[in-house]
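In what follows, a structure is listed as structure tokens, so that the remarks can point back to it.
The values are calculated or read from the model by the stated rules, or taken from the named source; none is laboratory data. The structure displayed is predicted, hence computed values, not measured ones. Methodologically, a virtual Cβ is constructed for each residue, glycine included, from the backbone with ideal geometry; neighbour enumeration extends over all protein chains shown.
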Amino acid sequence: MSIPEILSFVLASTVLAFTPGPDIIFVIVTSLGQGFKTAFKFILGLSTGIILHTTLIVVGVSTLISQSTYGLTVLKVFSVSYLIWLAYLTFIHRKEQIHLKSEKLQSNYYVRGFIMNVTNPKVLLFFLAFFPQFANLQVPGYQSRLIVLGLIFIAVTIAVFSFIAWLSANSSRKYIENPKFSVAINYLAIVVFIGVAVLLIFN
């Protein structure tokens, strides 16, 4: 993988990490109510779940490519279709305001984060559509590149979510619930989804 490819993946991952969703909302709520340290335990749990998803992607992609002559084509069609579908859904819900509801005290936030990540099939589907664009599947050694992408995504997730948790723990929730914040992030996500899909089509 070249430096520009890695940087583009980091940039796209960063934008997507900021996109409003159940995980990031729980991070915000936890940091507001329980503090940064507790929220960080949840973040580590989420990141551990990514390891499992990355492993499943490597195994699944390898099996698809090895057992089907049209494996890469099938994966490309799926990836483009799913990314465009995500862009469509994000556009529909772009103006929805983030509502932060109080959460009951959890005994183990690390476990909560891990379970929330690994039991969400949408996470695996997203990784399956997103990662191949940057892994050069037509070139041997893509398994190791997928692993590297997974590790980079974990690092980006920890960095972005930790920043959000710290910001939430030290700021007022009115800024987070501002509709303009959600709209701006969602539009960025739409650009990333469509951009990656277009690149995949012409790759």
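Kindly indicate whether S47 is touching a Phe, Trp or Tyr at 6+ places or on another chain (Cβ under 8 Å) and in contact (Cβ under 8 Å) with a residue 60 or more places away in the chain. For S47, the condition - touching a Phe, Trp or Tyr at 6+ places or on another chain (Cβ under 8 Å) and in contact (Cβ under 8 Å) with a residue 60 or more places away in the chain - is not met.
Annotation: P121 fulfils all but one of (1) at pLDDT 85 or above; (2) closer than 30 Å to S62 by Cα; the unmet one is (1).
Check whether at least one residue in region 57-65 is under 17 Å from S144 (Cβ atoms) and among the small types (G, A, S), and report yes or no. Yes; the residues of region 57-65 include at least one that is under 17 Å from S144 (Cβ atoms) and among the small types (G, A, S). Considering only residues in region 36-86 that are more than 19 Å from the chain's Cα centre (by Cα) and of a type in the set (G, A, S), the one that is nearest to F127 (Cα to Cα) turns out to be S62.
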